[in-house]
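Everything on this sheet refers to the single structure shown next.
We did not get these values from a lab; they are worked out from the coordinates using the rules stated. In this text the structure is predicted, and so the values were computed from the model without any measurement. Here the Cβ positions follow ideal geometry from the backbone for every residue, glycine too, while neighbour counts run over all protein chains shown.
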Amino acid sequence: MRGMTPERETRYRDGLRSAASAGRAILEAGGSAMDAAIAAVVDMENGGTFNAGLGSCLTSAGTVEMDAAVMRGSDRGIGAVASITSVANPVELSRAVMDRTPHCMLAADGALAFAREQGFALRENFPPPSRLAEWEGKRARLKARAAGKTLEQGLAELGGVLGDQEDEVRHDPVGDDHDTVGAVAFDSAGGVAAAVSTGGIWLKMPGRVGDSPLPGAGFWAVDAAGASVATGTGESLMRVMICKHVIDRIESHGDPERACQEAVELLEKHFGPNQGGVIAVGPRGGLGWAINTNGMGRSMWRGGMKDAAVAVWPDEDWDRAR
Ligand code: ASP
């Protein structure tokens, strides 16, 4: 991702600040952590810059299959959706699963039927032709590299996702490959919430579901403990239940920053470097984040700040005063 063009980096940073500002507007108006986290994620689903909603990456069949989830810390309310094709805002659909069904997760056709019944907006001509052209290119490059094998075998052996650079195969969670988006929030009543949304990974097998809609893996939120969301290779993140681990660690010592670092150390111990990252908010609103990739876009706002702050690189401090 160090190779992001300046134009893309600007768009990327603007998208992050816009998302945090959407969450801020809710909190400033006295809204809940749940509403704020969802507002931030909806903003990123609609922007097209990130791997969620409009910007979702495509399966090996050239289709969109999105996953999303929300969790409310006050009552462990969970709503999740998996393998969603055309719903404009999967994170809002996941909230409806939490609020309007007796279930925690709906997938594929049943989830789409529920979305239609509830009047959710669908995207037309989705994925757009520009995205399909990108897909053609990635597919052709993967095929060339995995000569004689199926696309899925090739993807598995190469261990990840095709990057945008012609000669590079990589899993770059926040580079030109875009990435899962997520938000955690802490409100004036002390409530926490998590929201997450993704297109998954480029050229995944149709039907593949990642960590994002899985409780404990892609997200976790419990009042008086904290909230966390993850990004990166779902097949690794889910095998260490990374977000549950973050919250367990916060419960044990109270420090969200240290908890995120410990969770990423666990991830790296089992699956090596370049796997992903987490963000978290603690029981008193403290923040944490950690990655073992070469960058992760992040943005934050807290009461009293004039503007949301943004950072992307591992060693970069927030660009606005805390
Ligand atoms: N975690 C997502 C997934 O595996 C993708 C990503 O964050 O890059 O579905």
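Which of the GluC sites (Glu not before Pro) found in the stretch 238-322 are in a DSSP loop and have at most 14 neighbouring Cβ atoms, other than their own, within 10 Å?
Here the GluC sites (Glu not before Pro) that fit, given the DSSP loop and packing criteria, are GLU316.
Of the residues VAL181, VAL87, VAL246, the one that moves most in a GNM of the chain with alpha-carbon contacts below 10 Å is VAL87.
Return the loop-located GluC sites (Glu not before Pro) in the stretch 123-152 (DSSP other than H, G, I, E, B) with at most 15 other Cβ atoms within 10 Å of their own Cβ; answer none if there are none.
Working: sites: GLU124, GLU134, GLU136, GLU152; in loops: GLU124.
Those that pass, being in a loop and sparsely packed, are GLU124.
Placing +1 on the Cβ of every Lys and Arg and -1 on the Cβ of every Asp and Glu, with nothing else charged, gives the stretch 33-76 a dipole about its Cα centre of roughly 80 debye. In the elastic network of the chain, a GNM with C-alpha springs shorter than 10 Å, the most mobile of LEU106, LEU287, LEU122 is LEU122.
Only helices enter the 222 nm calculation for the chain: every DSSP H run of n ≥ 4 contributes -39,500 (n - 2.57), and dividing by all residues gives -11500 deg cm²/dmol, rounded to 500.
Model label sites at ALA133 and ALA108, defined 7 Å from Cα along the beta-carbon direction, differ in position by 3.3 nm. Just want the answer: with Cβ charges of +1 for Lys and Arg and -1 for Asp and Glu, which residue in VAL240, ASN274, TYR12 is farthest toward the dipole's positive end in the chain? Going by the charge dipole, the pick is VAL240. Other residues lying with their Cβ under 11 Å from the Cβ of PRO215 contribute a combined charge of +1, Lys and Arg counting +1, Asp and Glu -1. Separation of the stretch 246-306 and the stretch 97-129, taken as the distance between their Cα centroids, equals 30 angstrom. In this simple spin-label model, placing a label point 7 Å from the Cα along the Cα-to-Cβ direction at both HIS270 and MET205 gives a separation of 2.0 nm.
Counting Lys and Arg as +1 and Asp and Glu as -1 over every other residue whose Cβ lies under 9 Å from the Cβ of ASN292, the net charge comes to -2.
Calculate, for ARG100 and ASN125, the FRET efficiency according to 1/(1 + (r/R0)^6) with r their C-beta to C-beta distance and R0 22 Å; round to the nearest 0.05.
Details: r = 28 Å, r/R0 = 1.29.
With a Förster radius of 22 Å, E is 0.20.
Of all DSSP beta bridges confined to the chain, the antiparallel ones make up roughly 90%. Checking every one of the chymotrypsin sites (Phe, Trp or Tyr not before Pro) in the stretch 212-318 against DSSP loop status and a limit of 15 other Cβ atoms within 10 Å picks out TRP318. Relative to the longest principal axis of the C-alpha atoms of the chain, give the angle of the C-alpha long axis of helix 256-271, reported between 0 and 90° and rounded to the nearest 10°. Relative to the chain, helix 256-271 is tipped by roughly 30 degrees.
For a modelled paramagnetic label at ALA224, 7 Å from Cα along Cα-to-Cβ, the residues of the stretch 65-79 in reach, with backbone nitrogen under 13 Å, are 74-76. Between the helical axis of 6-28 and the longest alpha-carbon principal axis of the chain there is an angle of about 30 degrees. A P(r) calculated from all alpha carbon pairs of the stretch 14-152, with 10 Å bins opening at zero, reads 12, 35, 32, 15, 5, 1 percent.
Gain on full extension, evaluated as 0.36 nm per residue between ASP255 and ARG302 minus their Cα-Cα distance, stands at 15.2 nm.
Using only Cα atoms, what is the ratio of the radius of gyration of the chain to 2.2 N^0.38 Å? Taking the Cα Rg and dividing by 2.2 N^0.38 Å, one obtains 0.92. Each peptide in 75-82, 22-29 gets a packing score, the mean of other Cβ atoms within 10 Å over its residues, and the list from highest to lowest is 75-82, 22-29. Report, to one decimal in Å, the Kirkwood hydrodynamic radius for the stretch 10-63 based on all distinct Cα pairs. Over the stretch 10-63, the inverse of the mean reciprocal pair distance is 11.7 Å.
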